[in-house]
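Have a look at the structure below before the remarks.
Just so it is clear, none of the values below were taken in a lab; they were calculated from the coordinates. The shown structure was predicted, so the numbers you read here are calculated from the model rather than taken from an experiment. In this analysis, Cβ positions are derived from the backbone assuming ideal geometry, glycine residues included, and neighbour counts consider all displayed protein chains.
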Amino acid sequence: MNLPLFRAHDDPGPRFTELLRRSGFDEMVTVDGSVPVEDYRHGTTCVAIRYADGVLLAGDRRATSGHLISHRSIEKVFPSDRHSGVAIAGAAGPAVEMVRLFQLQLEHYEKVEGTSLSLEGKANQLSQMIRNNLPAAMQGMAVVPIFAGFDLKREEGRLFEFDITGGRYEETDHASTGSGSLHAGTVVKLGYAEQMDAGAVTDLAIHALFEAADEDSATGGPDLVRGIYPVIATISADGYNRLDDDELAERTQALIAGRRRN
Amino acid sequence: MNMPFYVAPEQVMKDRADYARKGIARGRSLIAFRFDQGIAICAENTSSTLRKVSEIYDRIAFAGVGKYNEFDQLRIAGVRHADMKGYSFSREDVDARSLANQYAQSLGQVFTHEMKPMEVEILVAEIGHAEDGSEDQLFHILYDGTVMDEDMSVVLGGKTDTISDRFGDFDSSPTLKEGLQRAVAALAGDERDLAADDLEVAVLERGTERRAFRRLSDSEISSLLV
């Protein structure tokens with residue numbers, strides 16, 4: 001691999017995707033016709049909720065290929081840098097690749113420019129990546145993420161929803177994506193209150209994913225046998241923090257105990 | 001028809017080397033040294049925005065002296081090289097040695113083939129995973145592509161011999177405080193003092209964070225210097 005030196009007029013600047021293109025990496029492979037839904041993995045339900053200290057991201061752990069469960073412990077919530085995170089739903093392959101590129105893009109920009117992108121700048125970057133995926137989305141391999149972060153200038157949590165065309169929509173309180181998003185979103189909507197604390201918002205997210213798994217076959221519920229719980233992360237002024245499984249197990253048990261019929 | 005004058009290749013190379021050395025000696029110097037928790041780089045730099053020391057990758061740092069636009073171009077190329085390598089293979093596969101070789105190739109190429117050599121001297125530092133620092137590396141690369149693998153410390157820029165002598169040797173890896181005090185005294189010399197805002201200090205620190213590179217704030221530098 002050579003040292004990538006460019007002349008001033010065709011320098012890719014701080015954009016990593018542009019650098020890849022100039023260096024001959026072909027990001028996107030397109031095919032004619034659509035890819036059968038059984039032939040690739042699908043990730044499903046994620047929610048994001050704003051709370052007192054920032055914003056929370058949560059996602060279930062199931063991946064499906066058509067009607068089959070293809071993975072029981074896939075992760076759909078990722079840190080994108082120290083103060084932001086992304087949750088993905090849709091075709092798992094392109095989605096995970098998109099997250100990887102997105103993480104790299106944010107770090108690459110920070111190193112080349114010597115300063116971080118603004119939260120809005122980061123959301124716009126993700127928007128462009130989704131738009132670039134549009135040809136694949138038209139063949140069924142859509143990726144629909146939620147982006148959330150702590151805005152260090154405004155000192156508050158913010159969250160953004162997207163559609164497959166790369167449309168970016170900022171939400172004030174909560175957002176959900178994926179096949180179980182209707183059910184999960186309803187639970188969040190009914191249970192939401194302004195300025196919730198970290199504990200209450202975590203319980204709400206667990207509840208939302210639990211109900212979504214109850215109604216939607218592509219969403220995985222908590223797996224007490226294998227000890228698999230949703231991935232939940234909070235993003236506050238202190239940065240991205242993934243909650244550990246012990247805490248989630250305890251909160252899940254409490255939820256289930258409240259539901260059990262005698 | 002005009003015949004071009006014959007100039008001996010030795011003379012051409014010597015002229016270019018002199019030119020590059022003069023350019024480098026004009027700027028202020030920097031010291032990189034190993035300490036008990038990693039590698040520290042201390043540069044004399046009055047600007048707080050135009051950096052001499054930067055992050056390349058998780059465990060790799062870059063430092064340059066000489067002409068700013070030239071070493072900054074090399075720094076960005078290094079970030080690009082590392083990020084692309086990490087993207088196409090894995091983060092573990094990015095290493096300082098291969099980057100240092102790339103820099104050497106590129107500088108050597110410019111030195112022999114272009115009109116003007118680059119007036120820069122650069123450093124590529126990497127901390128390994130071994131707790132005792134035995135895998136830490138310091139690569140010093142000159143304007144003509146010469147690469148040197150340094151052991152405990154290295155001085156880049158002008159008056160390197162004097163500064164190295166003043167810095168001296170430590171019997172074992174110093175703490176950051178000890179090393180930094182010695183480095184600042186060595187850069188300053190006897191006639192003047194350097195304060196935190198004349199300095200740019202960054203460290204590669206062994207710890208739990210993936211990205212080991214960290215800049216020291218002025219207040220942190222001040223507290224280490226007393």
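Some notes on this structure:
- Scanning region B:1-20 for residues being farther than 23 Å from B:LEU142 by Cα and assigned to a helix (DSSP H, G or I) gives a total of 0.
- Complete set of residues in region B:110-154 that are buried (at least 24 other Cβ atoms within 10 Å of the Cβ), in contact with a Gly (Cβ under 9 Å, 6 or more places away or on another chain) and of a type in the set (D, E, K, R): B:GLU121
- Pairs with Cβ under 8 Å, 6+ apart, first in region A:85-106 and more than 14 Å from chain B (Cβ to nearest Cβ) and farther than 19 Å from A:GLY180 by Cβ, second of a type outside the set (S, T, N, Q) and in a helix (DSSP H, G or I): A:PRO94/A:ALA136
- Any hit, region A:20-29, residues being under 23 Å from A:SER84 (Cα atoms) and within 14 Å of chain B (Cβ to nearest Cβ): no
- Here the strands (runs of 3 or more DSSP E) wholly within region A:40-82 that include at least 1 residues being under 9 Å from the mean Cα position of the chain (by Cα) are A:46-51, A:54-59, A:77-81.
- Selection of region A:107-164 for residues being in contact (Cβ under 8 Å) with a residue 12 or more places away in the chain, surrounded by fewer than 18 Cβ atoms within 10 Å (Cβ to Cβ) and within 14 Å of chain B (Cβ to nearest Cβ) yields A:GLU113, A:SER116.
- Check on A:VAL231, among the β-branched types (Val, Ile, Thr) and closer than 18 Å to A:PHE147 by Cα: yes
- Count of residues meeting criterion [aliphatic (A, V, I, L, M), over 13 Å from B:SER54 (Cβ atoms) and in contact (Cβ under 8 Å) with a residue 12 or more places away in the chain] in region B:78-94: 1
- Qualifying strands (runs of 3 or more DSSP E) (wholly inside region A:166-260; at least 2 residues being more than 15 Å from A:ALA58 (Cα to Cα) and among the charged types (D, E, K, R)): A:168-171
- Single match in B:VAL110, B:VAL120 (criterion: within 14 Å of another protein chain (Cβ to nearest Cβ) and either touching a strand residue (DSSP E or B) at 6+ places or on another chain (Cβ under 9 Å) or more than 28 Å from B:TYR19 (Cα to Cα) (or both)): B:VAL120
- Subset of region B:46-78 (residues that are buried (at least 20 other Cβ atoms within 10 Å of the Cβ) and farther than 20 Å from B:GLY145 by Cβ): B:ARG51, B:LYS52, B:VAL53, B:SER54, B:GLU55, B:TYR57, B:ARG59, B:ALA61
- Unique match (being more than 23 Å from A:SER127 (Cα to Cα), charged (D, E, K, R) and away from chain B (no Cβ under 14 Å)) among A:ARG50, A:ARG61, A:ARG41, A:ARG7: A:ARG61
- Residue match in region B:157-178 (condition: among the small types (Gly, Ala, Ser), in contact with a Phe, Trp or Tyr (Cβ under 7 Å, 6 or more places away or on another chain), crowded, with 16+ Cβ neighbours inside 10 Å and not in a loop (DSSP other than H, G, I, E, B)): no
- Region B:51-107: number of residues that are basic (Lys, Arg) and away from chain A (no Cβ under 11 Å): 4
Yes/no matrix, rows are residues, columns are (1) within 17 Å of A:PHE210 (Cα to Cα); (2) crowded, with 18+ Cβ neighbours inside 10 Å; (3) touching a helix residue (DSSP H, G or I) at 6+ places or on another chain (Cβ under 6 Å):
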{"site": "A:PRO36", "(1), (2), (3)": "no, no, no"}
{"site": "A:ILE49", "(1), (2), (3)": "yes, yes, yes"}
{"site": "A:GLY59", "(1), (2), (3)": "yes, yes, no"}
{"site": "A:ALA63", "(1), (2), (3)": "yes, yes, yes"}
{"site": "A:LYS76", "(1), (2), (3)": "yes, yes, no"}
{"site": "A:ASP81", "(1), (2), (3)": "no, yes, yes"}
{"site": "A:GLY85", "(1), (2), (3)": "no, yes, no"}
{"site": "A:GLY90", "(1), (2), (3)": "no, yes, no"}
{"site": "A:LEU104", "(1), (2), (3)": "no, yes, yes"}
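- Residue within region A:181-193 that is among the charged types (D, E, K, R) and out of contact with any Phe, Trp or Tyr (no Cβ under 9 Å at 6 or more places or on another chain) present: yes
Quick grid of which residues meet (1) in contact with a His (Cβ under 9 Å, 6 or more places away or on another chain); (2) not hydroxyl-bearing (Ser, Thr, Tyr):
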{"site": "A:SER116", "(1), (2)": "yes, no"}
{"site": "A:GLN125", "(1), (2)": "no, yes"}
{"site": "A:VAL144", "(1), (2)": "no, yes"}
{"site": "A:GLY157", "(1), (2)": "no, yes"}
{"site": "A:THR172", "(1), (2)": "no, no"}
{"site": "A:THR177", "(1), (2)": "no, no"}
{"site": "A:THR186", "(1), (2)": "no, no"}
